[in-house]
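**Q** The structure under discussion is supplied below as structure tokens; questions concerning it will follow.
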Amino acid sequence: MGVTSHRGAGRGAVRDELRRAVGKIAAGSAVPVFPMAGVGGRDAARRIRLSRRLEVVSSPRAANVLLIAGEITPRLLRPAIRIHDQASPPRATLFLIAGGAPEPDVPSKPEAGSNTEVAAVESALRTHAIRDRFFPFAGLVHQESEVEAASRALHRDLVLAERATEPAIQPDRPPLPWRGRGPYGHGGKGMTGGAPYGRPLPERGNDRDGLQLDRLPLRIGPFFPPLVPGLLLDVELHGDVVQAAELGPNPFSGYVGASATCPFMRALASPVRIADLELSRARSHLRWLSDALHALDLSALSIRALALAERLEADNVPLISAELARFSRRLERSRTLTWATRGVGHIRVDQVGDTHGPVARATGVEADARCDDIEYLALGFRPIVHDDGDAWARWRQRIGEARQSLRLVTQAGDRRSGGAGIVEDPRGMIRLQTHTLDSTSQLLPELVTGREWGDAVLAAVSLDLDLERDARLTSVIEEGR
Amino acid sequence: MTDVAAGVLALGVALFLGVYLVSVLDRFVSDLVAGHGLTANVFWAGPRRAVLLLLQQPSRTERPDAEAWAFAPALLGALGALGLATIPLAPELPLADNADGIVLFGAAMALVMVAVFLHGWSANSVFPLIGAYRFVALALSYEMPLALVLISAALPAESLSVGEIIRSQTDVWNVIRQPLGLPIYMVTVAGLAFWGPLRLPDAADLSGGTRAEVSGPALAAWEVGRSMVLVAAAAMGAAAFLGGWLGPWLPGVVWMGLKTLVLLVLIVWSGHHLARVRTERFVVVAWVVLIPLALIDVFLSGWLALAAR
């Protein structure tokens with residue numbers, strides 16, 4: 001008896017030792033991270049692509065660490081919890097509460113006690129409360145620079161079994177009793193017997209070819225990786241064809257106030273250096289390029305584009321400009337890229353409506369607030385316009401505008417623009433007086449309806465939506481009233 | 001009996017090396033394209049990741065087809081192994097060089113569709129299922145040209161045995177004799193291993209497609225299986241178009257390895273440079289361009305083979 005137990009203990013020790021050795025090998029791998037961006041967290045969530053120690057995974061199932069960057073608003077909370085519970089154990093959550101890093105070219109100097117600062121503190125407090133209540137075991141960092149080290153530490157402790165995996169937040173049980181017949185719920189009378197977990201079997205409807213097919217209702221977002229954070233889309237699928245699409249509410253609404261760090265928002269009130277504006281525009285377009293390449297499974301090229309955006313500073317514009325020229329030649333020559341995007345998400349001129357910015361200009365509408373600005377005209381500014389109106393035109397539009405912005409930066413010197421309540425930001429025209437709100441996101445349902453899923457996603461990506469900007473503009477305009 | 005054991009061992013070693021090589025190449029090209037510096041990490045990243053996945057727990061979905069879900073990666077890997085077994089890696093190393101090896105290879109590669117479909121189907125989830133159907137929509141479009149260019153390669157040899165096909169290239173390789181063959185073949189390999197521009201069933205726009213609900217050991221098995229298919233397809237490309245083990249100075253098996261490596265580099269490179277194409281566009285191009293070209297390849301090769309007699 002004693003001998004047996006002794007031998008058993010020895011074997012247990014050997015097994016522990018082996019487990020540790022294997023764990024050490026695994027701990028050295030890149031950390032599979034699934035990022036979720038809340039208010040102000042989009043840039044930080046995107047930037048983890050640049051780290052070689054972290055690997056962005058496309059599905060929470062494969063993730064070990066879930067990164068929650070920025071404030072989780074009430075509409076984002078349930079999806080975040082669901083994704084947390086879907087991640088396969090061992091899993092850990094890491095909160096980044098401080099928002100994303102500010103635009104590096106603009107020193108963030110909110111005056112003490114200003115509205116912005118108060119709002120930031122309130123936002124952080126709300127996220128802390130959510131973390132305490134729903135994610136009590138989650139890690140926490142305050143600086144974006146700490147994310148990599150903290151993720152690696154969580155990962156290491158998980159695989160070495162020094163940290164317990166986070167338990168599911170919601171109970172893993174069906175919402176309603178199983179009322180299906182047969183193993184998959186398809187049994188019973190005729191084709192529609194049973195209601196598995198209270199879900200009726202799909203209704204039928206005409207597809208685009210007039211065939212009677214099952215309609216599958218599906219809610220996409222707000223953390224669906226190829227689409228922008230916060231985008232909620234209710235779609236009905238017929239196979240992989242989007243039969244109907246409806247835009248959900250903006251989860252950032254009411255949680256984003258005016259931003260003191262965004263040069264375009266500042267330019268509404270007072271003149272800002274053109275060089276700062278154009279640097280920000282180029283960065284924004286390059287970040288979009290990174291996202292778009294990521295959605296096409298070109299993750300290495302996507303890292304390259306993002307590195308260009310994040311390295312871009314006032315003092316290295318010629319260098320980045322030359323690299324971007326090479327990069328864009330390569331992209332524009334790519335046959336497969338034109339195959340993937342040409343004719344996808346086509347917008348007609350009559351659909352443009354209140355849409356501004358690169359999306360409108362890629363449809364042939366020469367609208368640009370910079371055209372009415374004497375300082376820009378003095379620099380010889382003329383807007384770039386493409387006529388095709390498809391996703392490929394929008395790709396070329398943004399790449400072309402990024403290069404144009406870098407040229408403007410080198411010419412602008414100390415010229416300033418703004419202060420007149422109108423500004424052209426990377427996504428369109430912002431005009432305080434007339435209260436027009438850019439409606440790019442409203443175009444989305446029309447663009448994706450009747451399209452195959454792959455085309456629908458590429459069309460959505462090509463719009464370069466930013467729901468946080470939409471929410472911010474709404475709040476700024478309401479404040480102005 | 002010892003021959004069989006030696007053959008199985010050689011196949012295992014070749015597959016292991018091949019899969020490891022794919023992981024190293026993939027990381028290497030990815031780091032190069034991303035503009036990261038190159039480090040020794042390219043050699044360890046793949047194995048480390050495999051160990052990590054083995055420690056992860058498998059995921060559960062609502063009412064999955066559990067047997068099929070477990071079977072799909074095993075089937076994919078087995079098909080890769082079967083495909084590689086038909087290829088003699090050296091004159092003295094014919095694994096299963098039977099009289100109609102190229103037919104067996106074609107049959108194994110046709111069944112890849114079943115493995116991918118099962119993988120997407122059995123999770124009982126939306127995006128994997130769409131990925132599965134995408135692959136079915138794609139499959140015939142790459143399988144037809146694949147079969148046609150392999151038949152062309154067999155014509156000068158007047159044999160369906162892969163060994164004979166290699167020997168028939170002693171004077172001139174098929175890549176020169178049939179210039180259409182290898183380019184068409186490489187496109188079909190991208191489809192077969194759903195790699196690069198034809199990575200449609202596991203695409204990012206489906207959040208990973210058939211693998212969207214998979215984690216842990218099953219995910220590792222799926223990736224290994226996919227690499228095995230890629231290795232088998234690259235080795236067949238080397239055998240059917242680049243003269244297999246033929247070459248001066250070096251032993252035959254080294255030549256075979258080098259030629260396979262060249263094709264693997266090509267396909268891995270494409271994975272980091274070429275955007276994923278649309279299903280519809282590829283199907284159109286396959287039927288309007290690839291299949292007619294492959295037919296021309298068959299007729300020209302047959303004509304040349306007859307003229308040479």
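The values are calculated or read from the model by the stated rules, or taken from the named source; none is laboratory data. Here the structure is a predicted model, which is why all the values come from computation and not from measurement. Glycine gets a Cβ as well: all are built from the backbone with ideal geometry, and neighbour counts include every protein chain shown. Areas reflect the complete protein model, heavy atoms only, side chains present, ligands, DNA and RNA absent. Shrake-Rupley method; radii C 1.70, N 1.55, O 1.52, S 1.80 Å.
**Q** Does the stretch A:15-159 come out rounded, prolate or oblate by the C-alpha gyration tensor, with a ≥ b ≥ c the root eigenvalues, rounded set by a/c under 1.5 and, if not, prolate when a/b is larger than b/c and oblate if not?
**A** Because a/c hits 1.5 or more and a/b exceeds b/c, the stretch A:15-159 counts as prolate.
**Q** Between 0 and 90 degrees, rounded to the nearest ten: what's the tilt of helix A:299-311 against the longest Cα principal axis of chain A?
**A** Relative to chain A, helix A:299-311 is tipped by roughly 50 degrees.
**Q** Can you tell which of B:VAL51, B:ALA81, B:LEU38 lies farthest toward the positive end of the dipole of the stretch B:35-94, using +1 and -1 charges on the Cβ of basic and acidic side chains (Lys, Arg; Asp, Glu)?
**A** Among B:VAL51, B:ALA81, B:LEU38, the one farthest towards the positive end of the dipole of the stretch B:35-94 is B:LEU38.
**Q** So what's the net charge close to A:VAL344: Lys and Arg +1, Asp and Glu -1, counting the other residues with Cβ under 9 Å from its Cβ?
**A** Computed value for this residue: +1.
**Q** In nm, to one decimal, how far is the modelled label at A:GLU246 from the one at A:ARG333, with both set 7 Å along Cα→Cβ?
**A** Once both label points are built, they end up 4.9 nm from each other.
**Q** Separate question: I'd like the residues of the stretch B:194-220 whose 1.4 Å-probe accessible area shrinks by no less than 50 Å² going from the isolated chain to the full set of protein chains.
**A** Flagged in the stretch B:194-220: B:ALA204, B:ASP205, B:SER207.
**Q** Mind listing the phi-derived Karplus ³J(HN,Hα) values for the stretch A:413-420, rounded to whole Hz, using 6.51, -1.76 and 1.60 with θ = phi - 60°, and x for any glycine or proline?
**A** Per-residue couplings from phi come out as x, 9, 4, 10, 9, x, x, 9 Hz.
**Q** Apply the Karplus curve 6.51 cos²θ - 1.76 cosθ + 1.60, θ = phi - 60°, to the phi angles in the stretch A:390-397 and return the couplings in whole Hz, x for Gly and Pro.
**A** Couplings: 9, 4, 5, 4, 5, 4, 5, 4 Hz.
**Q** In nanometres, what is the gap between the two model label sites at A:SER270 and A:SER439, each 7 Å from Cα along Cα-to-Cβ?
**A** The answer from the label model is 3.5 nm.
**Q** Evaluate peptide A:43-52: per residue, the Cβ atoms of other protein chains within 10 Å of its Cβ; return the mean as an integer.
**A** 1
**Q** Follow-up question, since we're still on this one. If r is the Cβ-Cβ distance from B:ALA74 to A:ALA367 and R0 is 45 Å, what FRET efficiency results, to the nearest 0.05?
**A** Once the sixth-power term is evaluated, E becomes 0.20.
**Q** Working from Cα positions, state the angle (0 to 90°, nearest 10) between the long axis of helix A:115-134 and the longest principal axis of chain A.
**A** 20 degrees
**Q** Ratio of alpha-carbon Rg to the 2.2 N^0.38 Å globular estimate for the protein assembly as shown, to two decimals, please.
**A** Taking the Cα Rg and dividing by 2.2 N^0.38 Å, one obtains 1.02.
**Q** Continuing with the same structure: So how far apart, in nm, are the two label points at A:VAL22 and A:ARG78 if each is 7 Å from Cα heading toward Cβ?
**A** 4.0 nm
**Q** How large, in percent, is the carbon and sulfur part of the accessible surface of chain B at a probe radius of 1.4 Å?
**A** 74 percent
**Q** What residues qualify as long-range amide H neighbours of A:ASP425, i.e. H under 5 Å apart, gap of 5 or more or another chain, H built at 1.01 Å from N?
**A** A:ILE430
**Q** Tell me, what is the percent relative contact order of chain A, built from C-alpha pairs under 8 Å that lie six or more residues apart?
**A** Computed value for chain A: 14 percent relative contact order.
**Q** Quick one: Karplus J couplings for the stretch B:63-77, per residue in order, coefficients 6.51, -1.76, 1.60, θ = phi - 60°, nearest Hz, x for Gly and Pro?
**A** Values, residue by residue: 6, x, 8, 4, 5, 5, 5, 6, 6, 4, x, 4, 5, 4, x Hz.
**Q** I've got another one for you. Out of residues 5 or more away from B:SER59 or on other chains, whose amide H comes under 5 Å of its own, with H placed 1.01 Å from N in the peptide plane?
**A** B:SER215
**Q** If you take each beta carbon of peptide A:20-31 and count the beta carbons of other chains within 10 angstrom, what is the mean?
**A** Mean partner-chain Cβ count within 10 Å for A:20-31: 5.
**Q** Once both axes come from the Cα atoms, what is the angle between helix A:2-27 and the longest principal axis of chain A, in degrees from 0 to 90, rounded to 10?
**A** 10 degrees
**Q** If R₀ is 51 angstrom, what is the calculated FRET efficiency for the pair A:GLN351 and A:ALA13, using the beta carbon separation as r and rounding to 0.05?
**A** Once the sixth-power term is evaluated, E becomes 0.15.
**Q** How many Å² of accessible area per residue for the stretch B:260-309, probe 1.4 Å?
**A** Heavy-atom accessible area per residue stands at 52 Å².
**Q** Check A:LEU54: other-chain or 5+ apart residues with amide H under 5 Å from its amide H, H built from backbone geometry?
**A** For A:LEU54, the qualifying residues are A:VAL31.
**Q** Determine the per residue accessible area of chain A with all protein chains present and a 1.4 angstrom probe, expressed in square angstrom.
**A** Value returned for chain A: 44 Å² of accessible area per residue.
**Q** Further, regarding this structure: Compute the Kirkwood hydrodynamic radius of the stretch A:381-430, taking the inverse of the mean of 1/r over all pairs of distinct Cα atoms, and give it in Å to one decimal.
**A** Answer for the stretch A:381-430: a Kirkwood hydrodynamic radius of 12.5 Å.
**Q** Right, something else. Given contacts defined as C-alpha pairs under 8 Å and at least six residues apart, what's the relative contact order of the stretch A:15-159, whole-number percent?
**A** 28 percent
**Q** Which of the residues in the stretch B:32-60 lose at least 40 Å² of accessible area when you go from the chain alone to all protein chains together (probe 1.4 Å)?
**A** The answer is B:VAL33, B:ALA34, B:HIS36, B:ARG48, B:ARG49, B:VAL51, B:LEU52, B:LEU55, B:GLN56, B:GLN57, B:ARG60.
**Q** For the interface of B with A, what's the total buried accessible surface in square angstrom, probe 1.4 angstrom, rounded to the nearest hundred?
**A** Interface area, both chains combined: 4600 Å², rounded to the nearest 100.
**Q** For peptide B:276-283, how many partner chain Cβ atoms fall within 10 Å of a residue's Cβ, on average?
**A** Other-chain Cβ atoms within 10 Å of each residue's Cβ, averaged: 6.
**Q** Using every pair of alpha-carbon atoms in chain B, split the distances into 20 Å bins beginning at 0 and state the percent of pairs per bin, rounded to integers.
**A** Percent of Cα pairs in each bin: 33, 58, 8, 0.
**Q** I would also like to ask the following. Just need the relative contact order of chain B here, percent rounded to a whole number, with Cα pairs under 8 Å and 6+ apart.
**A** 25 percent.
**Q** Still on this structure, please answer the following. So what's the net charge close to B:LEU54: Lys and Arg +1, Asp and Glu -1, counting the other residues with Cβ under 13 Å from its Cβ?
**A** The answer is +2.
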